[in-house]
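Q: Below is a structure I'd like to ask you about.
Since every read-out is calculated from the coordinates, none of them should be taken as a lab result. In this text, all values refer to a predicted model and were calculated from it rather than measured experimentally. Neighbour counts are summed over all protein chains in view; Cβ atoms, including those assigned to glycine, are modelled from backbone coordinates with ideal geometry.
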Amino acid sequence: MSKFETNKVDVRGDGKVILYQRADVTSSPKWNCRISVTGSTGYKRFSTKTSDQKNAERIALDKYFELRQKVESGGSIHSPTVKQVFEEWKQHSPIKLGNRKKENIESNTFTPVESSVVAYLGKKRIDDITNADIQDMMTWRFSSEQYEKQLHNKEQGYSRKSKTKKEMKYSVSTIRSYRGAINGFLKYCRNRGYITKEFSFEIPKGKSDPRPEFSLKDWKKLTAFMRKWIKEDSEFGKTKYFNPKKYRERFYLQNYILILANTGLRVGEARGLRWIDLDNVILPDGEERLLLSVDGKTGKRQVIANSGTENYFKRLSEFRLEELNVSSDKFNKKEFIFCHPDGSSVGSYKKGFQKLLDECDLRLDNDGNYRTLYSLRHTYATMRINEVPIYQLAVNMGTSVKMIEEYYSHAQTKDPKFAESMTKGNQKGNSKVLPF
């Protein structure tokens, strides 16, 4: 069949299963196989990866009967390419939207697979990929060259602490999120019968770095700046330069920031929050606390807000009633709290938040890491960890005790009460410990 085929063996005697060795391989040649099946066009070629003829014949026959069964079931001996299966996955993969936008889910599900598996193995037949291919793909995807390319194409989203190309790296959490998306794609391939084998691939070990929080000093700076920021815009109302759209955006963003930092809500949970989700709980002393019912990453749960958080919701409620020119008894409580004038949910405050932090010079923390909206959740955790038991904090945040201990225990050592308990006894010290 080919000038490269030598020492050919017709295993079945009907030309359907042909073993051969390559003419251009002289040192320990392995047996290759060429299979054709009635009802399907073309040939299936593969290496048996053995020099033993008996073993090669067994492997070839097993593959022949597997392919024949596939053809008899309406399939073909030629499997689709990785890219073809990916496009099919995009069309048929069920996407659970919940309160999240479709494009946000796609960016966390399809984009990682497209920029890794498809980019590296797209032209390869799906049933030909090996575990080594997946591992090589991961190594390629998270190389320094790819990191540098991402930084060039996307200004935000990756840590810029590293200054040299050699030091550039992705965070462990980013790599883990890619692995999760890739495993979802491979599971689809198995369920559809495109592949039968299981894949396992290593990722760097280590702790995922949480997004940087705001220190108490920086938090006070941010809140003070926002008060002036809002006041500036509200004063525009006295002049012909007042911009109601701009004021509304700033007003909602300010209260959004204050609410996230005082509840520990995830961005997605806040996005789906409606007025009907608000309730209260009465403390033993008769005081009330705001109770929020949210549905997010870890499912439905109830969140107790910090004292005073109700004031931020009250501001938003009063603003919205005036905007709609309706009374509270006629207000639609199923409306999203963080909404556009037409009542639709605000997809993201990311750009506005970044611009705000740039204006008050708080975009970077002391280590040069970019703060994001999720920094507000981490700020909540670091400020509350010294005030409440870790188990209760984990329940309220919808996470595990392990995660709280792993990422926020550093905040405990800065607490005066923690320092006092750690130095009890006969230790003596000066009133001033710093040399400046």
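Q: Efficiency by 1/(1 + (r/R0)^6): what FRET value for LYS245 and SER307, r their Cβ-Cβ distance, R0 = 25 Å, to the nearest 0.05? Walk me through the numbers before you get to the answer.
A: Numbers: r = 33 Å, r/R0 = 1.31.
That gives a FRET efficiency of 0.15.
Q: When Lys and Arg each count +1 and Asp and Glu each count -1, what net charge do the other residues less than 11 Å away from LYS334, Cβ to Cβ, add up to?
A: Numbers: positive: ARG274, LYS333; negative: ASP277, GLU335.
Combined, the nearby Lys, Arg, Asp and Glu give 0.
Q: A further question on this structure: How long is the gain from GLN135 to GLU406 if the chain were fully straight, where each residue apart is worth 0.36 nm and the alpha carbon distance is subtracted? All intermediate terms of the calculation are to be shown ahead of the outcome.
A: On the way: separation 271, 0.36 × 271 = 97.56 nm, distance 2.83 nm.
Stretched fully, the GLN135-GLU406 segment lengthens by 94.7 nm.
Q: Further question: Please sort by residue number the chymotrypsin sites (Phe, Trp or Tyr not before Pro) in the range 319-408 whose DSSP state is loop and whose Cβ has at most 15 other Cβ atoms within 10 Å. Provide the component values of the computation, followed by the final result.
A: Working: sites: PHE319, PHE331, PHE336, PHE338, TYR349, PHE353, TYR370, TYR374, TYR380, TYR391, TYR407, TYR408; in loops: PHE331, PHE338, TYR349.
For chymotrypsin sites (Phe, Trp or Tyr not before Pro) across the range 319-408 that sit outside H, G, I, E and B with at most 15 neighbouring Cβ atoms in 10 Å, the list reads PHE331.
Q: Explain nothing, just the number: relative contact order of the range 12-81, from Cα pairs under 8 Å at least 6 residues apart, as a whole percent.
A: Working: 99 pairs, mean separation 19.1, N = 70.
Rounded, it is 27 percent for the range 12-81.
Q: Next question, about the same structure. Using the Cα gyration tensor of the range 268-354, with a ≥ b ≥ c the square roots of its eigenvalues, what is the shape: rounded (a/c below 1.5), prolate (a/b larger than b/c) or oblate (neither)? Could you put the intermediate results ahead of the total?
A: On the way: a/c = 1.75, a/b = 1.20, b/c = 1.46.
Judged from the Cα gyration tensor, the range 268-354 comes out oblate (a/c at least 1.5, b/c at or above a/b).
Q: Residues with beta-carbon under 15 Å from that of LEU316, excluding LEU316: net charge, scoring Lys, Arg +1 and Asp, Glu -1? It would help to have the intermediate numbers written out before the result.
A: Details: positive: ARG248, ARG250, ARG271, ARG274, LYS314, ARG315, ARG320, LYS333; negative: GLU249, ASP277, GLU310, GLU318, GLU322, GLU323, GLU335.
Here the charged neighbours net out to +1.
Q: Report the calculated FRET efficiency for LEU324 and ASP279 (r = Cβ-Cβ distance, R0 = 30 Å), to the nearest 0.05. Show your work: numbers first, answer last.
A: On the way: r = 23 Å, r/R0 = 0.76.
Rounded to the nearest 0.05, the efficiency is 0.85.
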